[in-house]
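First the structure, in the form of structure tokens, and then the observations on it.
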Amino acid sequence: MSMENALPGFGVEIPFVTHLGFSLHRMEGGESELRYEAAPEHLNSFAVTHGGATMTLLDVTLATAARSVSPEFGVVTIEMKTSFMQPAVGPLVAKGRLLHRTRSIAFVEGTVYDAEGRACSHATGTFKYVRRQPAEGAGVPTD
């Protein structure tokens, strides 16, 4: 994978995130902020941001908040719960916050806001810190 396509500041490339067009605006001290404007192909049949794209935005936002305190590690999602409160229309801002961490686990939350600052969706998640693997040996440790 090419680092030139990585989300600036994130440190790794995730092709799906690159495809969606997220931009990282903050990643420090247990907090993160990403921005996203859905392309037409990322909308659902109601012409609002597809829930899968919104969940991906939340997943990356939560992971970024977790990684902000230990950027030398990657994180993998163990579980995530998302509540959709209203349609996500227009440019979106997602803010994440690390609630608690142990040596190997992070508990985080995040909210997606629309252009008027209204909360559209909220997620909580649990992430595991993992050592980075070289690109050639791609894979995630299972133990």
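The values are calculated or read from the model by the stated rules, or taken from the named source; none is laboratory data. Not measured: the values here are computed from a predicted model. Neighbour counts run over all protein chains shown; Cβ positions are idealised from the backbone, glycine included.
Structure data summary
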{"item": "The stretch 1-21 residues that are at pLDDT below 85, paired with ones that are acidic (Asp, Glu) (beta carbon under 6 Å, 6 or more apart)", "result": "Met1/Glu13; Asn5/Glu13; Ala6/Glu13"}
{"item": "Residue within the stretch 68-77 that is small (Gly, Ala, Ser), modelled with pLDDT under 95 and not in a helix (DSSP H, G or I) present", "result": "yes"}
{"item": "Among the candidates Ala63, Ala115, Ala94, Ala106, residue that is in contact (Cβ under 8 Å) with a residue 24 or more places away in the chain, of a type outside the set (S, T, N, Q) and either out of contact with any strand residue (DSSP E or B) (no Cβ under 6 Å at 6 or more places or on another chain) or over 20 Å from Gly30 (Cα atoms) (or both)", "result": "Ala115"}
{"item": "Search result, residues across the stretch 27-51 that are outside any loop (DSSP other than H, G, I, E, B) and more than 12 Å from the chain's Cα centre (by Cα)", "result": "Glu28, Pro40, Glu41, His42, Leu43, Thr49, Gly51"}
{"item": "Tally, over the stretch 78-117, of residues that are surrounded by 14 or more Cβ atoms within 10 Å (Cβ to Cβ), in a loop (DSSP other than H, G, I, E, B) and of a type in the set (D, E, K, R)", "result": "1"}
{"item": "Considering residues of the stretch 33-75 that are hydroxyl-bearing (Ser, Thr, Tyr) and farther than 12 Å from Ala88 by Cα only, the residue surrounded by the fewest Cβ atoms within 10 Å (Cβ to Cβ)", "result": "Ser45"}
